[in-house]
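Remarks on the structure that follows.
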Amino acid sequence: MSLSHTAAEYMLSDALLPDPGGSRAKGLRLELPSDRLLKFITVGLPLFLVSLAFAQEFSAGSQISCFSPTNFTGKQSAYVDMACWDSLVHHGLDTEGHAVTKSLWALKVFPYSLLVVAVLMYLPYLLWRYAATPALHSDLLFIIDELDKSYNRSVRLVQHMRKVQQASAEPERFWEEYERARQERYFEFPLLERYLTCKQRAHSLVFIYILRNLLLLLFLAATCLYLVFLHLNIFFQDEFNCSIKTGLLQAEPHIPPLIPCKLVFFSIFQLISLSVGGIYVLLIPVVIYNALQLCQWDKGLLSVYEMLPAFDLLSRKMLTCPVNDLNVILLFLRANISKLTSFSRLNAVSALREATTNKEDIDTVVDFMTLLAGLETTKPKH
């Protein structure tokens, strides 16, 4: 065997992708980076701020300070603080001088309402995890495995072509058979291409992904409206008049009708609400952008894999409306590009095809491998 033949065999053997050492299922990312960031902020931010509010409450004690009459004892003053914090009702007068009451009870439940907000923000993630992740996981495993196998099949095809061409007494007859096989699409990978085409007609994953973003958008908008309501109605009143002349104390003459009180941590609640509301408003465009990703194809990934023989989803214009499961799978393939070993190889081949002067000589990865194997001297030009 000549030195050139040996070198060509080593080139082709090195071009084959090694078998993955471990299970690919362990490292698959089943959430897009932007979705993971949204989950971290929308769920973690209210939990973090509420924990700070609770820690300050437990360390500082009462959140209210009432100005009891001077003749009240210490126990009576403590009772006034506790009774006014329990009621949180402001007694005042309207413009016509009539007595009116206004409940400030939302201030008491404000930290707990943020806990409810965190739970609501976690619901879209649970929907995606249990409704879409199992199907997406199996789709990604199959497609990644088939794409890498398709690349290896192309390299093994060139290895077989070399052996047949060396054993052939008529090189021109061999290349005629090769051209006819290309025209009749004998080198195509029907399982992979038809599977992707089937996913193009499915809409379960895209429906769940859009529903997830719509729910998240709805919860973000509802939280912002809730915080706006609190600011317009409650968060501008840190002082109120409290009445404790109820029950057994109603007939006591020495108890004043109204006692002025002040909320100690009112500014903390304002800061927390402004922080949550401001960041949630900034996240709304991010959610909208995630949903709008499905309105266009990620053609960069498929265009690289058109270097595989007869893999032409783009050139045959099979990509129609992008709102389908195939587009969702392409987004997650892009997020798991490190698991797709053949992508870097094919991307390099595509770059070499763009840089070469005779682009017609390199149509697929098979053509590129035949050039590496030294068959370009007898291969006909397309």
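The values are calculated or read from the model by the stated rules, or taken from the named source; none is laboratory data. The model shown is predicted, which means the values in this text are computed figures rather than measured ones. Please note: Cβ atoms are built from the backbone with ideal geometry, for glycine as well, and neighbour counts cover all protein chains shown. Side chains included, ligands, DNA and RNA excluded: accessible areas come from the protein's heavy atoms. Shrake-Rupley method; radii C 1.70, N 1.55, O 1.52, S 1.80 Å.
The table for this structure:
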item	result
Spin-label model distance (nm) - Tyr122 vs Gln270, 7 Å beyond Cα toward Cβ	3.2 nm
Hz values of 3J(HN,Hα) by residue in region 219-226 - Karplus curve (6.51, -1.76, 1.60), Gly and Pro given as x	5, 5, 5, 5, 5, 5, 5, 4
Under the Karplus curve 6.51 cos²θ - 1.76 cosθ + 1.60, θ = phi - 60°, whole-Hz ³J(HN,Hα) for region 192-207, x wherever Gly or Pro sits	5, 5, 6, 5, 5, 5, 5, 5, 5, 9, 9, 9, 6, 5, 5, 5
Whole-Hz couplings from phi, Karplus 6.51/-1.76/1.60, listed for region 149-158; x for Gly and Pro	5, 5, 5, 5, 4, 5, 5, 5, 5, 5
Pairwise FRET efficiency - Gln237 versus Ser204, Cβ, R0 = 45 Å, nearest 0.05	0.35
Probe 1.4 Å, protein heavy atoms only - accessible area per residue of region 200-295 in square angstrom	53 Å²
Using a Förster distance of 35 Å, the FRET efficiency for Ala222-Asn152 (Cβ separation, nearest 0.05)	0.10
Label-point separation in nm, Ser77 to Thr197, each point 7 Å along Cα→Cβ	8.5 nm
Region 29-58 and region 294-310: distance between their alpha carbon centers, rounded to Å	36 Å
Which listed pairs, of Lys75/Lys245; Lys39/Lys339; Lys26/Lys299; Lys75/Lys262; Lys26/Lys149; Lys39/Lys299, have C-alpha distances above 22 Å, in listed order	Lys39/Lys339; Lys26/Lys299; Lys39/Lys299
